[in-house]
1. Within the stretch 302-318, work out how many residues are of a type in the set (A, V, I, L, M, F, W, C), surrounded by fewer than 24 Cβ atoms within 10 Å (Cβ to Cβ) and either in contact (Cβ under 8 Å) with a residue 12 or more places away in the chain or in contact with a strand residue (DSSP E or B) (Cβ under 9 Å, 6 or more places away or on another chain) (or both).
2. Within the stretch 112-146, can you find the residues that are open to solvent by less than 10 Å² (accessible area, probe 1.4 Å), among the small types (Gly, Ala, Ser) and within 16 Å of the ligand (Cβ to nearest atom)?
3. Scanning the stretch 157-173 for residues that are part of a loop (DSSP other than H, G, I, E, B) and touching a Gly at 6+ places or on another chain (Cβ under 9 Å), which turns out farthest from the ligand (Cβ to nearest atom)?
4. Got a sec? Which strands (runs of 3 or more DSSP E) wholly within the stretch 7-52 have at least 2 residues that are farther than 18 Å from residue 286 by Cβ and touching a residue at least 60 places away in the same chain (Cβ under 8 Å)?
5. What helices (runs of 4 or more DSSP H), lying completely within the stretch 221-334, carry at least 3 residues that are within 11 Å of the ligand (Cβ to nearest atom)?
6. Looking at 282, 259, 255, 234, which is the one that is in contact with a helix residue (DSSP H, G or I) (Cβ under 9 Å, 6 or more places away or on another chain), in the same structural domain as residue 298 (by TED's automatic domain parsing), surrounded by 16 or more Cβ atoms within 10 Å (Cβ to Cβ) and at pLDDT below 95?
7. Only one of (1) open to solvent by 70 Å² or more (accessible area, probe 1.4 Å); (2) within 14 Å of residue 321 (Cα to Cα); (3) not β-branched (Val, Ile, Thr) fails for residue 211. Which number is that?
8. Output the residues belonging to the stretch 38-96 that are within 16 Å of the ligand (Cβ to nearest atom), open to solvent by less than 20 Å² (accessible area, probe 1.4 Å) and polar (S, T, N, Q).
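The values are calculated or read from the model by the stated rules, or taken from the named source; none is laboratory data. From a predicted model like this one, the values you see are computed outputs, not experimental measurements. Glycine also receives a Cβ, built like all others from the backbone with ideal geometry; neighbour counts cover every protein chain displayed. Please note that ligands, DNA and RNA were not included when accessible areas were found on the heavy atoms of the full protein model with its side chains. Shrake-Rupley method; radii C 1.70, N 1.55, O 1.52, S 1.80 Å.
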Amino acid sequence: MPTHVPCGVRIAGSGSAVPDKRLTNEDLSKMMDTSDEWIRQRTGISERRIVDPEKGEGQLSLATAAMKNALDNAGMVGSDLDLIINASVTSEMTCPSNACRISAALDAAPAGAFDVLAACSGFVYAINIADSLIRSGRFKSIGVIGCDAMSTAVDYDDRSVAILFGDAAGAVVLARDEDPGRGCIHQVMEADGRTWPSLYIPRKTEDIPANASPRDARLGTLRMDGREVYKFAVTQFKNVIKESLDATGLTVDDVAQFVCHQSNIRIIESAKEKLGLPDDKVYINIDKFGNSSAGSVGLCFDQLWQAGKIKEGDIVVLVAFGGGMTWSSSVWKV
Ligand code: ACO
């Protein structure tokens, strides 16, 4: 039996990718009954990026680009990875997983590969899973991607949903580190499956809840009860950050950055106010990228990382909530 030597986890590299194509509030107001003012006031969003399927863009191309950028940042190549975890609800196929196709594109075989389905919480779930697998001693380097091409699952006839979402990918390479104190020092991965009808993508008519409105009978597109999601998020967002701080004995002053899922500016502002989080510790990019589901926390992390705002030794708290309903946090000593 090999002896297990305790180890930690370091972030060896980070990367992200967004499509070139911009979809502004002005563009949306030509497609549906809405306005720039309504969208900005209710959500904080001015524009979002969307893939162009005619150019062959989709979840796979975005996720692959982000992973390649993270590998470049780490000075590594695909064959250096032992495992690839792709968090998404918009992978092109369910079999094979897009993780397998990302592995093929980056020449990573025989690295393991699988997708994680936890909606907007997906990247934080995946980073928690990867940290635990490295600490188990079985894996040395894992590529983690959070990516959604939500424009491929949005009903552009439903103005309450269409205005929120954009497409983006964020990725990190996690590697074994000798210091057991480095890496994820506390994690939350929870769900309340009873609340699933607030947010779902039906594939067949039997998937649609009995009390759903006729509008929600559109298969293959995201159905959302915005008010229910909002109420859930405002409470859970604050609770999961508080739980993470209480469990680790950390205070807001100890944390360099709270990297939060970009769902709606009002949800983030509510958590900031209730917990006394200062502006310079809560990064916001929802104005430019909208809600990119599993892509959002990784995209924020990468923009902070590339700007030198997350450094070795920093304490960083990643936090997200999403369909399921799921919620997750990950407290890191970088
Ligand atoms: N433009 C103009 N008017 C609109 C629009 C729009 N785009 N969308 C809705 N309205 C109207 C509604 O029809 C309603 O009109 P009525 O009063 O005549 O019925 C009015 O505006 C108010 O509608 P509400 O739904 O109460 O608006 P609200 O202030 O709740 O904002 C929103 C809606 C932005 C969707 C909000 O509820 C929200 O952000 N919820 C959270 C959504 C979220 O975070 N989703 C992502 C979850 S993460 C994941 O896993 C995918």
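1. To start, the set of residues in the stretch 302-318 that are of a type in the set (A, V, I, L, M, F, W, C) comprises 304-305, 307, 310, 315-318.
Those still in the list that are surrounded by fewer than 24 Cβ atoms within 10 Å (Cβ to Cβ) too: 304, 307, 310, 315-316.
The next check asks that each one be either in contact (Cβ under 8 Å) with a residue 12 or more places away in the chain or in contact with a strand residue (DSSP E or B) (Cβ under 9 Å, 6 or more places away or on another chain) (or both); those that pass are 304, 310, 315-316.
Final tally of qualifying residues: 4.
2. Residues satisfying the conditions are 118, 121, 122, 126, 146.
3. As a first pass, look at the stretch 157-173 and keep what is part of a loop (DSSP other than H, G, I, E, B): 157-158, 163-164, 166.
Still in the running and touching a Gly at 6+ places or on another chain (Cβ under 9 Å): 163-164, 166.
On the way: 163: 4, 164: 6, 166: 12 Å.
Applying the filter and picking the extreme gives 166.
4. Numbers: elements: 8-17, 22-24, 47-49.
Those strands (runs of 3 or more DSSP E) span 8-17.
5. Numbers: elements: 226-248, 265-275, 286-289, 296-306.
It comes to 226-248, 265-275.
6. On the way: 282 fails: at pLDDT below 95; 259 fails: at pLDDT below 95; 255 fails: at pLDDT below 95.
234 is the lone residue from the list that is in contact with a helix residue (DSSP H, G or I) (Cβ under 9 Å, 6 or more places away or on another chain), in the same structural domain as residue 298 (by TED's automatic domain parsing), surrounded by 16 or more Cβ atoms within 10 Å (Cβ to Cβ) and at pLDDT below 95.
7. The one condition residue 211 does not meet is (2).
8. Within the stretch 38-96, 43, 59, 88, 90 qualify.
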